[in-house]
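S.K.: Handing you this structure, nothing more for now.
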Amino acid sequence: MTYQFALVGNPNSGKTSTFNQLTGAKQTVGNWPGVTVERKSGKLRKAKEITIQDLPGIYSLSPYTPEEVISRNYLAEAPIDAVLDIVDGTNLERNLYLTLQLLEMGLPTIVGINMIDLLKRKGIQINFEKLSYGLGVPVVGFSALKQHGLNKLIDAAKKKAGNGDSVVVYDSRLEAALAEIKALLPEEISESKRRWIAIKLFEGDELIRQQVTLTPSNEKELAEIIKITEMIFDEHSDAIIVNERYEFIQQLLALATIKEEEYRLSLSDKIDRVLTHRLLALPIFAFFMWGIYFLSIQTIGTMGTDWVNDVLFGSWVPDILQQLMNQWQVAQWLQELIQDGIVAGVGAVLGFVPQIFVLFFCLALLEDCGYMARIAFVMDRLFRKFGLSGKSFIPMLIATGCGVPGVMASRTIENEKDRRLTVMVTTFMPCSAKLPIIALISGAFFPESSWVAPSAYFIGMGAIVLSGIALKKTALFAGDPAPFIMELPAYHLPQLGTVLKSAIDRAVAFIKKAGTIIFVACIFIWFTSSYNFTFDRVGEEESILAFFGRLLAPIFAPLGWGTWRGAVATITGLVAKENVIGTFGILYGQSGVSETGTEICQVLRGDYTPVAAYSFLIFNLLCAPCFAAIGAIHREMGDSKWTWLAISYQCGLAYCASLIVYQFGHIFFEGGQLTVGTLAALIVLGLLLFALIKRPQQKNSPLLQVVGEVVGGEK
Ligand code: BGO
């Protein structure tokens, strides 16, 4: 059996090279168009029954140039068994334009993607199967220069010989017009050529118009069809066809090609490989947080805080105020209120502004460069293991600034159980108001350890994760976590303006609070710590505050800090967490030493052991948040029962954690004796571990059943 194959392709696609390889001819090869200007033929080297015709290089079959005329006439008239369409793989879009026209002609076509050696070098991947599927004809990759794949090309051509079906279909409105034109064509035109001729008539191809004889009414109808279609597409008919071809090619390319630059890892991806690594992500995050706390609480921030405490509120402000009050002959009680109440209390709180500024500057840096989004992603992986959604991390991240917006951010969680759980645990994160407590305790009791301050952050997160594990096992919160899809923005250099603004905003909010709510609270604390119930001026120990503090202190005794001052500071912290420090400023300032921050530290060290102080820190970190955040919890929970459940859970967990830390820490680090408190801590630890490791419950335990009925009527 003999075969007639035609080599067709764009100039420079490697047709002549292919022809030479296949036939052993020595045609001139060149990297400029027009090397093959006339048709040449030759016999296949390995199978002389196959004749190959090398046609001139062309870009299109709408014949504008002599080469296009030669090629089109030959393709339209010669008895060809198969067309070998030689496509420059590095220039697919332009080359496939000709391919589509070959398919429109209904020719039995094999697409040979040449220059696969160059494709490899350029990092372009072509999926030949997908391309073949899209075009509806065989596609073979080869290299004429490297002599790869040529046999496959011939085999495919032999298989395809004589079969010219095409699957190329354009816009349905255009196809409808072509179908109508096909119906107008004379019957003697064969079925295989009718669609191509319809396209050519639609395009307005003059040569075809002359060759096809239409009746006058069909002529009119053809004009009508073209006119309507042009109106529909709002384009000239030839432009409609061109656009459709390119549209088809774009879809093909999207389906079948990948450029390496599109999947090559960007710098951002490379950084993510490390920062979001399964094993490394959390240690790296811990290291970053350590660095941030080290800068804000241990070094740079502390320098500012020391200056504010020792110089600004240690001498400048009190001295200037004292002079003014002496000049204006201010009453003694008012002088005491201003110095011992307001300056000591508000000053102690304001002393932490530099540390807060540095902390939030560093956090804003991490947020602005895109790292915090990664942490949400990493946390999603971690949280998901424990049944929580990564969506819960966003409120927690916001809560590092302030618990109120943090709690409100839980609204993005669709699953009601997950949302309630998130509201309940979000305020475990240390907010800016808790930072002074962290700074004071770590500075006063652990000046040598750089891990105590960041540990507050990790304790907050640990409490959230462990709460998630334990609570998700109860029927109140059970269920699969909501899916969390977030786009990770590419890393970029942080904008100094944005970062500064974020840090300044938070510092200003802190200062505003010190000038309002803390100011009023300090007056109240000073008054109640300076007067007794008959409003006589008394020493602190006989004051109203000391009375109430002593009533509460025993509750906190097992936690190691059962002094009336510690109890009062914790309770005033419910108004605003800054009050904890404001209260210490007033109470320990009045104890005869001095108001300055450094000296408060010395007095504190006399009242508490380091383990007791750490237990105090943990309790104040985890217990119910300030009133404003409790209000937000109430709004989000939408009912008092859930709010009370949240507050009770927070205070209960805070108490248990502090108890365990103090009781065991006291024995291990301070040589304490075993007591009833140790036994209680052991039992509590056992119960907490049990809550963590027990099997998830389908049915509520009797206790939770009661709670469920109370808070949500759940059985
Ligand atoms: C020059 N791989 C590579 N890398 N190049 C190829 C391949 C292939 O598989 N196939 C062809 N070429 P024609 P038309 C040249 O001649 O066959 C190259 O127009 C050069 N010449 O070598 O002529 C081929 O018949 C100087 O390149 O195509 C030729 O379709 C510098 O593609 C070009 C660089 O081949 C066109 C290349 C003086």
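The values are calculated or read from the model by the stated rules, or taken from the named source; none is laboratory data. These numbers were taken from a predicted model, which means no experiment stands behind them. Cβ: placed from backbone, ideal geometry, glycine included. Neighbour counts: every protein chain shown.
S.K.: Could you list, in sequence order, all residues of the range 70-93 that are within 14 Å of the ligand (Cβ to nearest atom) and among the hydroxyl-bearing types (Ser, Thr, Tyr)?
M.R.: Scanning the range 70-93 gives Ser71, Thr90.
S.K.: Any idea which of Gln339, Gln335, Gln355 is buried (at least 23 other Cβ atoms within 10 Å of the Cβ) and touching a helix residue (DSSP H, G or I) at 6+ places or on another chain (Cβ under 8 Å)?
M.R.: Gln355
S.K.: Does Leu645 satisfy the criteria of being touching a residue at least 60 places away in the same chain (Cβ under 8 Å), part of a helix (DSSP H, G or I) and touching a Pro at 6+ places or on another chain (Cβ under 7 Å)?
M.R.: Judged against the criteria, Leu645 is not a match.
S.K.: Right, Tyr3: among the hydroxyl-bearing types (Ser, Thr, Tyr), over 54 Å from the mean Cα position of the chain (by Cα), away from the ligand (no atom under 12 Å from the Cβ) and at pLDDT 85 or above or not?
M.R.: Considered against the rule, which asks whether it is among the hydroxyl-bearing types (Ser, Thr, Tyr), over 54 Å from the mean Cα position of the chain (by Cα), away from the ligand (no atom under 12 Å from the Cβ) and at pLDDT 85 or above, Tyr3 comes out as yes.
S.K.: Continuing with this model, one more query. For the range 157-192, name all the residues that are touching a Pro at 6+ places or on another chain (Cβ under 8 Å) and without any contact (Cβ under 8 Å) to a residue 40 or more places away in the chain.
M.R.: Lys159
S.K.: Listed residues Cys369, Cys362; which is surrounded by fewer than 24 Cβ atoms within 10 Å (Cβ to Cβ) and touching a His at 6+ places or on another chain (Cβ under 8 Å)?
M.R.: Matching residue, one of Cys369, Cys362: Cys369.
S.K.: Now for a different question. Being modelled with pLDDT under 85 and touching a Pro at 6+ places or on another chain (Cβ under 8 Å) is true for just one of Ile80, Ile70, Ile58. Which residue is that?
M.R.: Answer to the selection: Ile70.
S.K.: Another one. Which condition number does Pro56 fail, the rest of (1) away from the ligand (no atom under 15 Å from the Cβ); (2) within 56 Å of the chain's Cα centre (by Cα); (3) part of a loop (DSSP other than H, G, I, E, B) being met?
M.R.: (1)
S.K.: Quick one: would you say Leu118 is of a type outside the set (Asp, Glu), surrounded by 18 or more Cβ atoms within 10 Å (Cβ to Cβ) and at pLDDT below 95?
M.R.: no
S.K.: Also: Got a sec? Which of Lys152, Lys159 is modelled with pLDDT under 90 and on the phi < 0 side of the Ramachandran plot?
M.R.: Sole residue among the options that is modelled with pLDDT under 90 and on the phi < 0 side of the Ramachandran plot: Lys159.
S.K.: On to the next question. Identify the residue in the range 620-651 that is farther than 18 Å from Pro395 by Cα and small (Gly, Ala, Ser) and, among all such residues, is surrounded by the fewest Cβ atoms within 10 Å (Cβ to Cβ).
M.R.: The extreme case among them is Ser640.
S.K.: Among (1) part of a helix (DSSP H, G or I); (2) surrounded by 16 or more Cβ atoms within 10 Å (Cβ to Cβ), which single condition is Tyr170 missing?
M.R.: Tyr170 satisfies all of (1) part of a helix (DSSP H, G or I); (2) surrounded by 16 or more Cβ atoms within 10 Å (Cβ to Cβ) except (1).
S.K.: Filter the range 279-308 down to residues that are small (Gly, Ala, Ser) and not in a helix (DSSP H, G or I), then give me how many there are.
M.R.: Residues that pass the stated criteria total 0.
S.K.: In this structure, does Ser41 turn out to be buried (at least 17 other Cβ atoms within 10 Å of the Cβ), modelled with pLDDT under 85, away from the ligand (no atom under 14 Å from the Cβ) and not basic (Lys, Arg)?
M.R.: Taking the combined requirement at face value, the residue does not satisfy it.
S.K.: Taking the range 495-536, which residues are under 20 Å from Leu359 (Cβ atoms) and surrounded by 18 or more Cβ atoms within 10 Å (Cβ to Cβ)?
M.R.: Val499, Ser502, Ala503, Arg506, Ala507, Phe510, Lys513, Ala514, Ile518 - these are the residues of the range 495-536 that are under 20 Å from Leu359 (Cβ atoms) and surrounded by 18 or more Cβ atoms within 10 Å (Cβ to Cβ).
S.K.: On to the next question. Can you tell me which residues in the range 95-132 are more than 16 Å from the ligand (Cβ to nearest atom) and of a type in the set (Ser, Thr, Tyr)?
M.R.: If the condition is that a residue be more than 16 Å from the ligand (Cβ to nearest atom) and of a type in the set (Ser, Thr, Tyr), then Thr109, Ser132 are the ones that fit.
S.K.: Could you list, in sequence order, all residues of the range 166-181 that are small (Gly, Ala, Ser) and within 42 Å of the chain's Cα centre (by Cα)?
M.R.: Of everything in the range 166-181, just one residue is small (Gly, Ala, Ser) and within 42 Å of the chain's Cα centre (by Cα), namely Ser172.
S.K.: Further question on the same structure: Identify, from the list Thr412, Thr400, the residue that is within 22 Å of Gly301 (Cα to Cα) and surrounded by fewer than 24 Cβ atoms within 10 Å (Cβ to Cβ).
M.R.: Thr400
S.K.: Here's something else I'd like to know. So which of Leu214, Leu135 ends up being within 20 Å of Glu244 (Cβ to Cβ), in contact (Cβ under 8 Å) with a residue 12 or more places away in the chain and either within 16 Å of the ligand (Cβ to nearest atom) or not acidic (Asp, Glu) (or both)?
M.R.: Answer to the selection: Leu135.
S.K.: Let me ask something else. Of all residues in the range 625-639, how many are part of a helix (DSSP H, G or I) and modelled with pLDDT under 90?
M.R.: 7
S.K.: Out of all the residues in the range 429-472, which are in contact (Cβ under 8 Å) with a residue 40 or more places away in the chain and within 23 Å of the chain's Cα centre (by Cα)?
M.R.: Hits for the range 429-472 are Pro430, Cys431, Tyr457, Phe458, Gly460, Met461, Ile464, Val465, Gly468.
S.K.: Got a sec? Which helices (runs of 4 or more DSSP H) wholly within the range 526-589 have at least 3 residues that are within 14 Å of Gly341 (Cβ to Cβ), in contact with a Lys or Arg (Cβ under 9 Å, 6 or more places away or on another chain) and not small (Gly, Ala, Ser)?
M.R.: 578-589
S.K.: Related question: Which ones in the range 438-483 are assigned to a helix (DSSP H, G or I), closer than 15 Å to Ser296 by Cβ and of a type outside the set (A, V, I, L, M)?
M.R.: Those that are assigned to a helix (DSSP H, G or I), closer than 15 Å to Ser296 by Cβ and of a type outside the set (A, V, I, L, M): Ser442, Gly443, Pro454, Ser455, Tyr457.
S.K.: Output yes when any residue across the range 423-435 is touching a Lys or Arg at 6+ places or on another chain (Cβ under 6 Å) and over 18 Å from Met289 (Cβ atoms), and no when none is.
M.R.: For the range 423-435, residues touching a Lys or Arg at 6+ places or on another chain (Cβ under 6 Å) and over 18 Å from Met289 (Cβ atoms): present.
S.K.: Being in contact with a Lys or Arg (Cβ under 9 Å, 6 or more places away or on another chain) and under 24 Å from Gly134 (Cβ atoms) is true for just one of Arg194, Arg245. Which residue is that?
M.R.: Arg194
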